[in-house]
Amino acid sequence: AQKVTQAQTEISVVEKEDVTLDCVYETRDTTYYLFWYKQPPSGELVFLIRRNSFDEQNEISGRYSWNFQKSTSSFNFTITASQVVDSAVYFCALSEEYNAGNMLTFGGGTRLMVKP
Amino acid sequence: DGGITQSPKYLFRKEGQNVTLSCEQNLNHDAMYWYRQDPGQGLRLIYYSQIVNDFQKGDIAEGYSVSREKKESFPLTVTSAQKNPTAFYLCASSSYSPGTYNQPQHFGDGTRLSIL
């Protein structure tokens, strides 16, 4: 069975600091997909990134970057030069290939608070 | 604009009452999902549907019911059998057809349900 663990329940930083959110996953499949979502205070989940298990290249999108390491089953998310608008709950999720219904297994989330 | 619309934003339930949460999408997505989120916790899957007139139970289906009569609509009924319905409910949709598996789920703004 699959599992996603986000060990950091809350992180507090001061604006302009860099911050890394950890995500560790478990799966028996060799092909799987990993996702990150952002949940701002308004409540909706915003999709940030999808990565398949065969693509271990790091990805950068503006101030966001993702580090995928199969050897440690981790898919960590770094925000560079954090801003107050980054304050939100961030979820990591896993989807095994061919699972019925495209279902996602979510981690418990990490609440990030960026103080001015 | 394409998206997912959930209504109402806030809902109050009396003892012994069934209430229905609406979810409509105009993304032409085949699959739709309902999640429950409790304070400080991750998302748990209630029900999902891959095609019209078919749906499957998720991890916490007891006390809930759904229907999928139209591709665009996936209403969730919280029945009186659900003894602890106070939570934030999120609806999502995704593409689901050969060649488009494991696509990201897109979420609505959520409905916050409370007991009177």
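The values are calculated or read from the model by the stated rules, or taken from the named source; none is laboratory data. Remember, it's a predicted structure, so these values are computed and weren't measured experimentally. Glycine gets a Cβ as well: all are built from the backbone with ideal geometry, and neighbour counts include every protein chain shown.
Run A:L94 past the list (1) more than 7 Å from chain B (Cβ to nearest Cβ); (2) over 21 Å from B:L90 (Cβ atoms) and report the number of the one that doesn't hold.
The one condition A:L94 does not meet is (2).
Every residue in the range B:23-52 that is in a loop (DSSP other than H, G, I, E, B) and either modelled with pLDDT under 95 or hydrophobic (A, V, I, L, M, F, W, C) (or both), please.
The answer is B:L27, B:N28, B:H29, B:D30, B:D38, B:P39, B:G40, B:Q41, B:G42, B:V52.
Can you tell me which residue in the range B:64-116 is nearest to the other protein chains (Cβ to nearest Cβ), limited to those that are of a type in the set (G, A, S) and farther than 22 Å from B:K9 by Cβ? Don't jump to the end; show me each part of the working.
Residues of the range B:64-116 that are of a type in the set (G, A, S), as a first pass: B:65, B:67, B:73, B:80-81, B:87, B:92-95, B:97, B:99, B:108, B:110, B:114.
Now drop any that are not farther than 22 Å from B:K9 by Cβ, which leaves B:80-81, B:94-95, B:97, B:99.
Numbers: B:S80: 26, B:A81: 24, B:S94: 5, B:S95: 8, B:S97: 10, B:G99: 13 Å.
Out of the qualifying residues, it is B:S94.
So which residues in the range A:15-62 are assigned to a strand (DSSP E or B) and of a type in the set (K, R)?
Hits for the range A:15-62 are A:K38, A:R50, A:R51.
If you check A:D18 against the conditions, is it farther than 22 Å from B:Q41 by Cβ and within 14 Å of chain B (Cβ to nearest Cβ)?
Taking the combined requirement at face value, the residue does not satisfy it.
So, in the range B:68-92, of the ones that are in contact (Cβ under 8 Å) with a residue 60 or more places away in the chain and within 21 Å of B:L43 (Cβ to Cβ), which residue ends up surrounded by the fewest Cβ atoms within 10 Å (Cβ to Cβ)?
Within the range B:68-92, the match that is surrounded by the fewest Cβ atoms within 10 Å (Cβ to Cβ) is B:T79.
I'd like the full set of residues that are surrounded by fewer than 16 Cβ atoms within 10 Å (Cβ to Cβ) and within 14 Å of another protein chain (Cβ to nearest Cβ), limited to the range A:4-15.
A:T5, A:A7, A:T9, A:E10
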